[in-house]
Amino acid sequence: MNRLQTLFNSKPKNLLSVYFTAGFPELNDTLPVMKAIQEGGADIIEIGIPFSDPIADGPTIQASGKKALTNGMTLKLLFNQIESMRKKIDIPVLLMGYLNPVIQFGVENFAMKCKECGIDGLILPDMPLYEFETLYKEVFASHGLSSVFLVTPQTSDERIRQVDEATDSFIYLVSSSATTGAKSGLGSDQLEYFKKIEGMKLNSPTLIGFGISNRESFEAVCGYSNGAIIGSAFIDMMAASNNLSEDIVRFIKRIKEPT
Amino acid sequence: MSYQVDERGYYGEFGGAFIPEMLYPNVEELRRNYLDIINSDDFQAEFHHLLRDYVGRPSPLYFCERLSEKYQARIYLKREDLNHTGAHKVNNTIGQILLARKLGKQKIIAETGAGQHGVATATVCALMGMECKVFMGEVDIERQKPNVERMKILGAEVIPASSGSRTLKDATNEAMRYWINHPTDTHYIIGSVVGPHPYPDMVARFQSVISEEMKLQLKEKTGSPNPDAVLACVGGGSNAIGSFYHYLDELDVRLIAVEAGGMGVNSGKSAATTQLGGMGILHGSKTLLMQTEDGQVTEPYSISAGLDYPGIGPQHAHLKSSGRVEYIDATDEEAMTAGIELSKLEGIIPAIESAHALVALSKLKFAKEDVVVVNMSGRGDKDLETYIKWGKY
Ligand SMILES: Cc1ncc(COP(=O)(O)O)c(C=O)c1O
């Protein structure tokens with residue numbers, strides 16, 4: 001059992017997962033950022049692998065990825081940076097990114113490196129369920145990696161059940177039909193959709209992401225799920241920060257700590 | 001061996017639908033419905049009516065006497081340049097907009113590089129009274145001004161793509177992002193045989209009218225529906241697939257695709273994807289792709305804006321790896337020279353994309369009695385500025 005599965009086994013509530021882009025704002029910020037995220041009290045870290053053509057991402061994550069690539073970030077370098085992260089980081093860590101860099105690296109090789117570094121799970125949004133089942137599932141599972149799939153308001157019930165079946169950690173509930181970072185707020189449509197998912201009594205826990213930006217939206221969605229994922233708002237804060245570690249800790253405490 | 005798509009959306013090991021979940025319902029809706037719609041009698045009737053009366057099909061198959069003399073073969077041009085809007089692109093946009101209407105979509109988006117597909121999309125949207133947004137890289141907007149204005153006159157909104165390298169691949173990214181954010185009322189008209197399944201197959205079917213007509217016209221002119229060779233240029237690959245489609249299983253017909261070599265394949269400024277690319281995933285399909293060792297997509301270069309795409313349709317990747325189609329390249333210099341030569345010999349100024357196909361005439365050996373068809377995918381009007389800058393005419 002990996003750290004993610006252990007975490008979710010205790011049926012936790014109000015989990016905060018934080019997404020950031022590797023190699024941003026500076027090339028070697030990856031590990032210091034992770035330490036600050038953990039220190040602030042987040043429950044899960046998602047490291048974004050930058051990609052030249054991130055079609056599911058809005059302007060904030062696009063810009064951070066572009067900066068990271070300009071800084072010289074590569075997947076190979078990322079594995080070097082996080083090689084000994086487990087000396088410092090004990091919360092679950094996922095890698096999130098597009099399939100092309102993974103395929104170039106070699107899927108088998110990638111899975112092995114993930115295992116060596118202590119990665120617990122993967123979110124590869126452009127990996128189709130069918131290809132996962134037929135090509136990748138074995139490789140990832142045999143290296144102790146959980147694969148996380150997305151569900152959106154447009155996903156059919158039948159497909160939600162398929163995703164539930166394929167899930168061994170949590171389902172990523174995308175809050176609205178949007179790219180990352182879209183600030184649509186949480187309207188009645190979204191609450192309906194969260195309720196519908198709750199009513200489906202899925203086997204898998206859920207985290208809600210996209211458009212979650214502060215304590216208010218965090219608390220609002222935690223009522224319908226096991227927690228939430230914050231990405232673009234976190235990266236916006238990083239981009240504006242002059243004191244990264246301190247600001248990260250403060251940002252997370254403001255969301256997580258009881259008032 | 002099959003050269004067509006299988007039921008999972010693959011051409012051999014290439015193809016598939018590598019899309020984020022946000023796009024899945026849209027692409028799945030298309031996949032479930034496209035064959036039934038395209039094969040229905042009323043769709044076929046309307047499609048062919050518009051191709052005839054609006055586009056001006058069948059496009060002529062023209063025997064080039066002077067060009068044949070020069071290259072010592074029997075050379076025919078398939079005149080897609082005479083279509084309404086000046087290129088083959090309109091065959092696909094007519095098909096897709098009819099399909100979008102059947103699916104109940106009210107709005108259309110498209111990407112464009114040179115602006116030809118954008119113009120062809122804006123045109124059919126005007127025809128059908130549908131709202132049209134065309135995404136175009138900021139760099140391309142700058143170098144293809146007349147087409148930008150044409151789209152605006154036709155009532156389309158041209159949205160500058162300011163992300164990434166600000167060219168065709170980024171315009172495609174932006175169109176996909178817009179589609180993610182507007183999933184229910186919008187259809188995305190992709191301009192070539194690229195993208196997630198079923199796009200490559202759907203666009204190929206709409207463009208297959210090119211080789212369907214070729215067969216009839218050749219039979220009439222030469223006595224046989226099959227030529228010895230068919231030549232076409234490749235950007236994403238739609239005019240080439242359209243020209244090859246009905247010959248893929250006729251193994252005695254040589255099929256030759258010409259990619260943009262740019263300043264030379266090894267110059268670092270090229271768009272010869274099958275030579276420079278490796279297996280990768282971009283815009284929803286597994287195909288050949290120009291990329292770094294780290295899997296970042298690289299920027300292609302060609303003098304012709306319609307050919308500088310870092311990928312190639314998955315069917316082409318399969319036709320390349322199976323050896324059914326020969327892929328060669330033509331440099332900027334060779335293409336410009338061939339374009340000017342055709343202008344002087346036959347009175348036809350070709351699009352610079354299409355001029356790349358002509359280069360194959362001098363690179364390959366044909367027998368004097370060989371029947372060779374070159375697909376003239378478009379006319380050179382849009383490229384006048386590039387011809388003028390090039391000079392040497
Ligand atoms: C005249 C012409 N030919 C060819 C192309 C390349 O596209 P494809 O390879 O899909 O035919 C374009 C694209 O803009 C074009 O305008």
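Any idea which residue in segment B:172-187 is nearest to B:ILE94 (Cα to Cα), counting only those that are of a type in the set (Val, Ile, Thr) and either open to solvent by less than 20 Å² (accessible area, probe 1.4 Å) or touching a Leu at 6+ places or on another chain (Cβ under 7 Å) (or both)?
B:THR186
Suppose we keep only residues that are aromatic (Phe, Trp, Tyr) and assigned to a helix (DSSP H, G or I) within segment A:211-259. Which one would you say is nearest to A:PRO153 (Cα to Cα)?
A:PHE218
Which of the following residues is open to solvent by 10 Å² or more (accessible area, probe 1.4 Å) and either more than 15 Å from the ligand (Cβ to nearest atom) or outside the structural domain of B:ASN266 (by TED's automatic domain parsing) (or both): B:THR386, B:THR331?
It is B:THR331.
Identify the residue in segment B:295-309 that is touching a helix residue (DSSP H, G or I) at 6+ places or on another chain (Cβ under 6 Å) and within 14 Å of chain A (Cβ to nearest Cβ) and, among all such residues, is farthest from the ligand (Cβ to nearest atom).
Residue satisfying both the conditions and the ranking: B:GLY295.
Looking only at segment B:237-281, which residues are closer than 20 Å to B:GLU13 by Cα, of a type outside the set (D, E, K, R) and open to solvent by 10 Å² or more (accessible area, probe 1.4 Å)?
B:TYR245, B:THR274, B:GLN275, B:LEU276, B:GLY277, B:GLY278, B:MET279
Going by the structure shown, is A:ASP189 charged (D, E, K, R) and within 17 Å of the chain's Cα centre (by Cα)?
No, not satisfied.
Tell me the residue from A:LEU129, A:LEU95, A:LEU99, A:LEU124 that is over 25 Å from B:TYR10 (Cα atoms), within 14 Å of chain B (Cβ to nearest Cβ) and not basic (Lys, Arg), please.
Working: A:LEU129 fails: over 25 Å from B:TYR10 (Cα atoms); A:LEU99 fails: over 25 Å from B:TYR10 (Cα atoms); A:LEU124 fails: over 25 Å from B:TYR10 (Cα atoms).
Answer to the selection: A:LEU95.
Restricting to segment B:190-248, what's the tally of residues that are part of a strand (DSSP E or B) and away from the ligand (no atom under 13 Å from the Cβ)?
The number of residues fulfilling the criteria is 2.
Would you confirm, using the coordinates I've provided, whether A:ASP120 is more than 30 Å from A:GLY41 (Cβ to Cβ) and touching a residue at least 60 places away in the same chain (Cβ under 8 Å)?
no
Looking at (1) within 26 Å of B:LEU282 (Cβ to Cβ); (2) touching a helix residue (DSSP H, G or I) at 6+ places or on another chain (Cβ under 8 Å), which is the one condition that is false for A:VAL221?
(1)
Would you point out which residue out of A:ASP126, A:ASP90, A:ASP53 is among the acidic types (Asp, Glu), closer than 29 Å to B:SER163 by Cβ and out of contact with any strand residue (DSSP E or B) (no Cβ under 6 Å at 6 or more places or on another chain)?
Criteria check complete, one pass: A:ASP126.
The values are calculated or read from the model by the stated rules, or taken from the named source; none is laboratory data. Bear in mind that the values here come from a model prediction, so they are computed numbers and not experimental data. All Cβ positions, glycine included, derive from the backbone under ideal geometry; neighbour counts span all protein chains shown. In case anyone asks, the SASA skips ligands and DNA or RNA and just uses the protein heavy atoms, side chains included. Shrake-Rupley method; radii C 1.70, N 1.55, O 1.52, S 1.80 Å.
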